[in-house]
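Take a look at the structure below.
The values are calculated or read from the model by the stated rules, or taken from the named source; none is laboratory data. This is a predicted model, so every value here is computed, not measured. Cβ: placed from backbone, ideal geometry, glycine included. Neighbour counts: every protein chain shown.
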Amino acid sequence: MKEENLLPVYIRSFGAWIPERRVTNEELSRTVDTSDEWIRSHTGIGARHLAEDSQATSDLAVGAARSAVERAGMDMQDIDCIVVATATPDYVGFPATACVVQQALGLKKIPAFDVTAGCTGFIYALEIAMAFMKDSHMKNILVIGAEKLSSIVNWDDRDTAVLFGDGAGCAVISSEASSFQLEDRSSRKFTRPGIIDSVLYTDGTGYDSLTVPAGGSRNPIRGGMVKKEDVSLHMDGRRVYNFAVKAVSDIIKELAERNELSYDDIDWIVPHQANSRIIQAAAKRLKIPLDKFFMNIEDLANTSAASIPIALSEMQGKNLLRPGDVVLTVGFGAGLTYGGNLFTW
Ligand code: UT7
């Protein structure tokens, strides 16, 4: 896509909210039949942060929203819309978690809605928000990925219990003029910040490889004993793994090719943090150096739709994103959904 065709929509800042309580593999192995060695060698995970029982997904989302708005140097009242990507909403069905976030942030008369696309939720939400902004008078939208996965994990199931964590990340996307000053990077393909492109896909043939079996309309809970297993996450890990390696590789390749970028032109690839082995395998397939991929799975585990905005927030906090940097996000998850965004910082 040529730069003159770029929409003047760009990401102004990222923020995150991570629960304080940190549970190491060692601690987990006291109650689950597993070990630090197995978890690290199979996933790259060393610890996860878990929310308190009294906290819901919206509480995490509110923390991330405040952090992003503060970093942008904006007033919360400048926000025109809230989109929350989550697989662990405060309530089943309604109200949307974004509505709870809206009232907590003291915002009135703005649209607020959820996007459900599993761990690819943030990638979907960013593209939806951008399209929404293009056809409206909105200037600033909060795009939040927030998850309390601990609320749907069966803590007796070692296949899944070791993999997930809680947290939230947020991007402020904006169509207002940017105060962005390009460093002397004039040789670069893109000379201003902007969301350049996204690809979004779903392979519904794999819808049953990652599910919470009960509680929805297919299998409602109507009195009687509710079994913990039925309202917990079930995953065919191997199937998702094989799908993920191909999905990550395909998305990176497609976004690069259709934007006429070599892998050298891309400064950062920010993948969904599900398993470091998936990222390593994709990097190897594409012959891209692993240090181009940002990873923070070691301390946070898989936070589903929150993992990419949390990673980007950490990168902004550590000044790893430089003006003009070309950043590619890539994710996959329940659905089976997959996709990626390409933006310049
Ligand atoms: O966010 C998107 C959704 N999720 C994912 O992206 C996850 C994708 N899948 C994966 O990351 C990997 O498939 C897992 C990490 C879930 C599993 O790794 P794996 O290398 O595919 O292991 P496996 O399922 O083939 O299991 C290998 C062995 C089994 O034992 P046997 O049958 O070989 O004796 C499992 O029972 O490891 C055993 N195992 C464990 N052992 C200790 C499974 N979980 C554990 C555990 N601790 N926590």
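In summary, residue 238 fulfils each of the numbered conditions (1) within 9 Å of the ligand (Cβ to nearest atom); (2) in a helix (DSSP H, G or I); (3) closer than 23 Å to residue 85 by Cβ with the single exception of condition (3). Looking across the stretch 251-278 at every residue that is without any contact (Cβ under 8 Å) to a residue 40 or more places away in the chain and within 16 Å of the ligand (Cβ to nearest atom), the one that is nearest to residue 323 (Cα to Cα) is identified as 273.
If you go through the stretch 209-243 one residue at a time, how many are within 21 Å of the chain's Cα centre (by Cα) and free of Cβ contacts under 8 Å to residues at least 12 places away in the same chain? Residues that pass the stated criteria total 1.
If the condition is being among the aromatic types (Phe, Trp, Tyr) and part of a loop (DSSP other than H, G, I, E, B), then the stretch 273-303 contributes only 294.
When the stretch 127-171 is limited to residues that are over 20 Å from residue 97 (Cβ atoms) and of a type in the set (Ser, Thr, Tyr), the one that is farthest from the chain's Cα centre (by Cα) turns out to be 136.
The requirement of being assigned to a strand (DSSP E or B), at pLDDT 95 or above, more than 16 Å from the ligand (Cβ to nearest atom) and polar (S, T, N, Q) is not satisfied by residue 319.
Evaluation of residue 83 against the conditions (1) assigned to a helix (DSSP H, G or I); (2) out of contact with any Lys or Arg (no Cβ under 8 Å at 6 or more places or on another chain); (3) crowded, with 24+ Cβ neighbours inside 10 Å; (4) hydrophobic (A, V, I, L, M, F, W, C) shows that the sole unmet condition is (1). Residue under question is residue 65, and the condition is that it be in contact with a Pro (Cβ under 9 Å, 6 or more places away or on another chain), within 24 Å of residue 137 (Cα to Cα) and in a helix (DSSP H, G or I); does it hold? It is false that residue 65 is in contact with a Pro (Cβ under 9 Å, 6 or more places away or on another chain), within 24 Å of residue 137 (Cα to Cα) and in a helix (DSSP H, G or I).
Filter the stretch 134-174 down to the residues that are in contact with a Leu (Cβ under 8 Å, 6 or more places away or on another chain) and at pLDDT below 95 and list them by number.
Taking the stretch 134-174 and keeping what is in contact with a Leu (Cβ under 8 Å, 6 or more places away or on another chain), we get 134, 143, 146-150, 152-154, 160-162, 164-173.
Matches in the stretch 134-174: 134 only.
The one condition from (1) surrounded by 16 or more Cβ atoms within 10 Å (Cβ to Cβ); (2) in a helix (DSSP H, G or I) that residue 270 does not meet is (2). Considering the stretch 279-316, and only residues there that are within 11 Å of the ligand (Cβ to nearest atom) and over 11 Å from the mean Cα position of the chain (by Cα), the residue that is surrounded by the fewest Cβ atoms within 10 Å (Cβ to Cβ) turns out to be 281.
All conditions in (1) part of a helix (DSSP H, G or I); (2) modelled with pLDDT under 95 hold for residue 255, with the sole exception of (2).
Only one residue in 121, 167 is touching a helix residue (DSSP H, G or I) at 6+ places or on another chain (Cβ under 8 Å), buried (at least 18 other Cβ atoms within 10 Å of the Cβ) and assigned to a strand (DSSP E or B). Which one? Working first, answer last.
On the way: 121 fails: assigned to a strand (DSSP E or B).
Checking each option against the conditions leaves just 167.
Every test in (1) surrounded by 23 or more Cβ atoms within 10 Å (Cβ to Cβ); (2) farther than 12 Å from residue 169 by Cβ; (3) not small (Gly, Ala, Ser) is passed by residue 66 save one, and that test is (1).
Select from the stretch 322-337 the residues that are closer than 16 Å to residue 256 by Cα and under 15 Å from the mean Cα position of the chain (by Cα) and list them in ascending order.
Initially, the stretch 322-337 is screened for residues closer than 16 Å to residue 256 by Cα, giving 325-331.
Scanning the stretch 322-337 gives 327, 328, 329, 330, 331.
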